Amino acid sequence: MNSFEVIIYQKQHDIAYVTLNRPQALNAYNLQMRDELYQVLGTIKDDPEVKVAIFRGAGEKAFCAGADLTEFLTAPSPVIARQVRWERDVWGLFLSITKPLIAAVHGYVLGSGIEIALCCDIRLASEDAQFGLPEVGLGIIPAAGGSQTLPRVMGRAQALEIMLTGRWIKAEEARRLKLVNRVVSRHDLLPAAERLANKIKGYSPMALSHSKQAITRGLDLSLEQGLELEAKLGNSLLNVNRKG
Ligand code: COA
């Protein structure tokens, strides 16, 4: 099932497992990981056997320590960089997936590590998790949607503080700030994610996808438009259920 080098992709009983797998570099996100993640996300989106996915990091120390600093600013030119981004919009693809995605994070969760987790729907952290956005210190800004996804999760002032200061936060504070849903022991991280995935995968894929869309798309709409979206999604499910 896995033909990748820096990602392990496995599918077991309707659950897809995506493991960032560069533990020697704290699973730093490099170009190869971007390309492999793009393929993996496409598979998750299109494979009807995948009902829910779990994202995690290999090794003891990190979910992901951010962008690979050895490749920092190495794109041949801004034009080429923009073209590659357009052709492989990993983050757009991530956010377009309507199946439930669970992040199970531990250790360092920095830069793109947070951003990957923010593309997921439910975030579990182990007690040793530490979160930070070091981009501002490197003279850049988050490039994987973080400036948009973080404030949607924790609110404007908290997101600004974390982005502008580069301050790191520990798991318990991350939970208080709503960056993660729950903190569990390191030992229980994967089992806790699997308990959630097993519960979720028993439900109708369409009910799950419509529920996810009602919330994720609705959050970007006015209440009135959101209620229209809810009615539309709800009616389409009713029609499917009547026909079925
Ligand atoms: N890119 C490339 N390699 C990285 C990396 C990154 N973002 N983060 C860690 N690594 C590598 C280190 O270079 C080191 O490699 P080596 O063993 O060949 O020297 C290995 O991973 C282990 O990291 P190390 O720094 O020894 O671990 P540590 O526990 O002492 O420190 C961090 C951990 C996360 C504090 C530190 O690695 C760090 O600050 N990383 C950079 C974080 C960052 O700025 N990310 C960019 C976000 S945009």
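Here are a few things to note about the model shown:
- Modelled this way, with points 7 Å down the Cα-to-C-beta line, the labels at residue 164 and residue 240 are 4.4 nm from one another.
- Note: region 142-244, Cα convex hull, 131 Å³ per residue.
- nm² value of the averaged projected area, convex hull over the Cα atoms of the chain: 14.0 nm²
- The chain, relative contact order in percent, only Cα pairs under 8 angstrom and at least six apart counted: 16 percent
- Considering only 219, 31, 93, the Gaussian network model of the chain with Cα springs below 10 Å gives its largest mean-square fluctuation to 219.
- Radius of gyration and maximum dimension Dmax of region 190-240, Cα, Å: 13.4, 39
- Measuring gaps between exposed loop sites in the chain (GluC sites (Glu not before Pro); DSSP loop; at most 15 other Cβ atoms within 10 Å), the longest gap, sites not included, is 128-244.
- Region 85-244 - percent of accessible surface contributed by carbon and sulfur, probe 1.4 Å: 57 percent
- 20 Å reach of a label modelled at residue 181, 7 Å along Cα-to-Cβ, counting backbone N of region 116-132: 116-131
- Entry note, region 92-192: relative contact order of 31 percent, from Cα contacts under 8 Å with a spacing of 6+ residues.
- Around residue 154: net Lys/Arg minus Asp/Glu count, Cβ-Cβ under 10 Å: +3
- Once the Cα-Cα distance is subtracted from the 0.36 nm per residue extended length, the residue 140 to residue 31 segment shows a gain of 37.5 nm.
- For region 154-244: relative contact order, % (alpha-carbon pairs under 8 angstrom, 6 or more apart): 16 percent
- The residues of the chain expose, per residue, 53 Å² of accessible area to a 1.4 Å probe.
- Chain lengthening between residue 45 and residue 60 when straightened (0.36 nm per residue, less Cα-Cα): 2.5 nm
The values are calculated or read from the model by the stated rules, or taken from the named source; none is laboratory data. In this text, all values refer to a predicted model and were calculated from it rather than measured experimentally. Methodologically, a virtual Cβ is constructed for each residue, glycine included, from the backbone with ideal geometry; neighbour enumeration extends over all protein chains shown. Areas reflect the complete protein model, heavy atoms only, side chains present, ligands, DNA and RNA absent. Shrake-Rupley method; radii C 1.70, N 1.55, O 1.52, S 1.80 Å.
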